[in-house]
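Single-structure report; data block below.
The values are calculated or read from the model by the stated rules, or taken from the named source; none is laboratory data. Since this is a predicted model, take the numbers as computed values, not measurements. No Cβ is skipped: glycine too gets one built from the backbone with ideal geometry, and neighbour counts run over all protein chains shown.
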Amino acid sequence: MNFDFTPFILSFKLAFIVTLFLLIIGIPYAWYLSVTKSKIKPFLEALTALPIVLPPSVLGFYLLVFLAPDSFIGKIANDLFNIKLVFSFPGLVVASMIYSFPFMIQPIQSGFESINKNIIEASYLGGKGKFITLFKVILPNIKPSLLTAIIITFAHTVGEFGVVLMVGGSIPGKTEVASVAIYDYVENLEYHKAHIYSAILLVISFLVLFSVYYINYKQKRKYDFY
Amino acid sequence: MIFIDIKKPLKGVKENMLLEAKLNLKKGSFLALFGASGSGKTTLLRIIAGLEKADGKIIVDNEKWLDKKKFLPPQRREIGFMFQDFALFPNMNIMENLLYINNDKNLAEKLLGLSGLNALKNRIPHSLSGGQKQRVALCRALMRKPKLLLLDEPFSALDTKMRENLQNEIMMFHNEFDLTTIMVSHSPEEIYKLADIMVELKNGKIIKKGSPKELLLKTSGSEKFSLRGKIIDIIKADVINIALVSIGSHIVEVVISKEEAKKLKKGLSVVLSTKAFHPNIKVLNEDTFS
C-alpha cells in the first residue's frame, strides 16, 4: 500500500501559516483587550470567543457566504490579489484564522492581565519606550502564555474539520487536510487507511499537549512570576 | 530646586476627594510624605514620576515636567523610582536588571559593590531574599543617575533588621550621589531617621509641613513621654481593670480605674503618657541593633 502524506503536510502547512498570522495579529489585539477600559470590551470579548461555541457548520456556512467570489470580500480578494477564497488554500487560511482566533487571543490576554504592572512602569521609568518594554520585559515574562497560545492554536488548526470541509471542499493536494482525509476514507470504507491516519493524529495531538503542559510546569518552577 | 503645585480629583474609598499639594524642595533635601493609607501620598509620588497625569505645575531645576501645555513622560524625567514590591524584571538576572536601564557596566559594578551585592549579580530575582531584592531595586533606580529619587514605602515588605540595613544604604546613596529624595512612608521611625523635611497628608490635603523633629516629637502637655497606641482589649481581673494597648509592634498592659474602664472601648486610639515618673531606659541585648 503506498501511503500518501500529502494531507498531513497540508494540515501542518495550514496550521503553521495560521499560527504565524494569528500571533502577529494576536499580540496587539490581546494587549488592547487587556488594557482597555472601553465599553466595547465585553462586545469584543464575546465576538472573540464566538468560534468556541458556534457549530463549525454555522461558521463554515457564513464564511462560504461572505468569502464567495460574488461577495464583497471575495471580490476584493479576487480583483486586488487575484486570490479565490473558497475551495482554495488561501480560503482555508482565512477560515482557520477565524476559527482558531480565540485559542490565540485568550491565553495571551490572560498573560497580559496577570503581569505585574509595576515592572512595566519600572521599564518606563528606566527611560524605555513602549516598544522596547513590550519585547524586552512584557513578552519574555508571559512566555508560558505565549507558548500555550501558539501550541494550542497550532493543534486546534490541525484538528479542525467542519469549517475546512465546508470552506475548502475536499480537493486532494489542495484543501484535503488530514482530518478531512480520514472522513473521506471512512466514507469509502477504507478503514485501514483511516486507522493509520487517526492513530498518527492521536499521537501527535497528545505529544503537542503534553509538551505544553510539561514546558509550563518547568517554567513555573524556574521563575516566580510574582 | 523643585517646585510642585498640582491638583487631581481622586476616587477615595468612601468619597471622592481632591488631591492638592504645593511644595518647594531644595536640592539635596530628603522629604517624607506621611499620612494614612488613602490620603493621596502614593498618588502624589506617582504624579511626580509622571505615572499619572494631573493639573498644575512641576518644575525641576528650571525644567518643566508638567504645566498646562506640557506633560513630560516618565521616560524623559530624570528619576529613580523604587516600588514597594521591588518590581525587578523576573526574566533578567541582577546585572541585566541594572544594565537594561542604562548600559553602563562600571556604574552597575560600582552600585552593586557599594551595596555588597556583587556576588549575586548572576542570580535571578526569584532566588533572592526580600531585603536583597529591595537593595537591587535601589541600585537599579540609581542607574539613570537621577536628580530625584522616589521611594514608595521602601521598607514595608522587610523585617526590622533588613529595614535598618536598607535605611543606612539609602542614606549612603542619598549623600554619595547628591540626590534629592522623596519617600512615601507611614512609619514615624523611618521618617525621623532619614528625612530632613516632612509633609503630612490627610484626605488629599497637606495638613502639616516641617522638620520631623518638630512634627514627630511634639507632646501636647507637660508629659515626660507619650506614645500613641490602640486599645485592643479591656480585661477585668479581680478588683482591677487592665487595658491592653498595642504600641508599634508591642502590647502593654495598663491598669485603669473603674471610671476609665467605662469610658474606654476596644479599638479606640489613645495616647499613653506619664508625668510623675522618669521612664527608665535600659539597653537590650546589643546585637539586636547592630
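Looking at A:LYS136, A:LYS117, A:LYS143, can you tell me which residue is within 14 Å of another protein chain (Cβ to nearest Cβ) and touching a Lys or Arg at 6+ places or on another chain (Cβ under 8 Å)?
Of A:LYS136, A:LYS117, A:LYS143, the one residue that is within 14 Å of another protein chain (Cβ to nearest Cβ) and touching a Lys or Arg at 6+ places or on another chain (Cβ under 8 Å) is A:LYS136.
Report whether or not B:LYS121 is touching a strand residue (DSSP E or B) at 6+ places or on another chain (Cβ under 8 Å), modelled with pLDDT of 90 or more and surrounded by fewer than 21 Cβ atoms within 10 Å (Cβ to Cβ).
Considered against the rule, which asks whether it is touching a strand residue (DSSP E or B) at 6+ places or on another chain (Cβ under 8 Å), modelled with pLDDT of 90 or more and surrounded by fewer than 21 Cβ atoms within 10 Å (Cβ to Cβ), B:LYS121 comes out as no.
Which residues, counting only those in the stretch B:79-121, are more than 10 Å from every other protein chain (Cβ to nearest Cβ), farther than 26 Å from B:VAL60 by Cα, not in a helix (DSSP H, G or I) and not small (Gly, Ala, Ser)?
Passing the criteria: B:ASN93, B:LEU117, B:LYS121.
Restricting the first residue to the stretch B:35-64 and requiring it to be more than 19 Å from B:GLN75 (Cα to Cα), which pairs with a second residue that is surrounded by fewer than 20 Cβ atoms within 10 Å (Cβ to Cβ) and β-branched (Val, Ile, Thr) meet a Cβ separation below 7 Å and a spacing of at least six or different chains?
Sorted first by the residue in the stretch B:35-64, then by its partner, the pairs are B:GLY38/B:VAL13.
Please work out if A:PHE89 is surrounded by fewer than 22 Cβ atoms within 10 Å (Cβ to Cβ), more than 12 Å from chain B (Cβ to nearest Cβ), at pLDDT 90 or above and farther than 20 Å from A:THR48 by Cβ.
Yes; evaluated as a whole, the condition is true for this residue.
Would it be correct to say that A:SER110 is surrounded by fewer than 20 Cβ atoms within 10 Å (Cβ to Cβ) and among the polar types (S, T, N, Q)?
Yes, satisfied.
State yes or no: is B:GLY50 more than 13 Å from every other protein chain (Cβ to nearest Cβ), in contact with a helix residue (DSSP H, G or I) (Cβ under 9 Å, 6 or more places away or on another chain) and either of a type in the set (Gly, Ala, Ser) or crowded, with 21+ Cβ neighbours inside 10 Å (or both)?
Taking the combined requirement at face value, the residue does not satisfy it.
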